[in-house]
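Read the figures in this text as sums done on the coordinates, not as results from a lab. The structure displayed is predicted, hence computed values, not measured ones.
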Amino acid sequence: MYLNQKFFLLPASVAGKRVVSTFEELESAMTTGGNIDIFLKNDITFKKTIEIYEPCTVNFYTDNNRTCTFNLGDKRGFYIGEESVKLYFNDCVEIKGDSFEDDGHAFWVNDYGCTINGCKFTHLGSTPFGDYRDGWTWWDGGAIYIGAEGCRIENCRFIYCTAQDVGGAICVNNDDCQITDCSFTECRADVGG
């Protein structure tokens with residue numbers, strides 16, 4: 001009896017990394033905590049918000065410097081509910097909404113600081129849907145809302161992000177946030193576009 005087996009060789013760049021190709025795999029990988037290297041096989045469409053409640057350091061990779069897109073549609077991307085969350089997108093992830101008028105935050109960081117490094121944010125916007133927190137609203141900060149101290153946003157690009165109220169790309173509601181080496185193109189808001 002002969003078995004017809006097929007073997008697939010993965011590129012060396014995948015060795016030791018968690019291979020992710022679906023939203024469910026991404027959510028599972030990012031909510032387990034610890035140090036995680038994620039190899040993205042393809043674009044991912046979000047089905048709901050990924051809530052992170054475990055300390056983690058996540059590094060994202062693709063093959064051949066390819067960019068993978070996280071398509072949020074009308075969903076919110078990530079809620080950071082734990083301190084010691086560090087996300088290194090390594091210039092290989094674009095977080096994108098359907099249009100800059102109707103979509104929501106890529107990140108909602110309200111209670112604990114985090115690091116977001118090397119990500120591209122495009123066509124993201126926030127519109128009111130009635131939740132107020134500490135005088136600020138869900139429609140502040142088109143791509144990122146930061147209510148926590150100790151956040152670091154580094155080496156990111158924000159393109160066509162908008163907010164109905166404050167902070168077209170980023171709304172910072174504290175005195176302790178570092179934004180370094182980021183670029184902003186065509187971002188707008190009523191205050192602080």
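Here are a few things to note about the model shown:
- Proximal lysines relative to LYS47, as straight alpha-carbon distance under 23 Å, when same-chain residues fewer than 8 apart are discounted: LYS75, LYS86, LYS96, LYS120
- Between amide H atoms placed 1.01 Å from N, distances below 5 Å from CYS182 occur with ASN155, CYS156, all of them 5 or more places distant or on a separate chain.
- Using θ = phi - 60° in the Karplus curve 6.51 cos²θ - 1.76 cosθ + 1.60, the 3J(HN,Hα) couplings for the range 173-178 round to 10, 6, 9, 10, 9, 10 Hz; x is entered for Gly and Pro.
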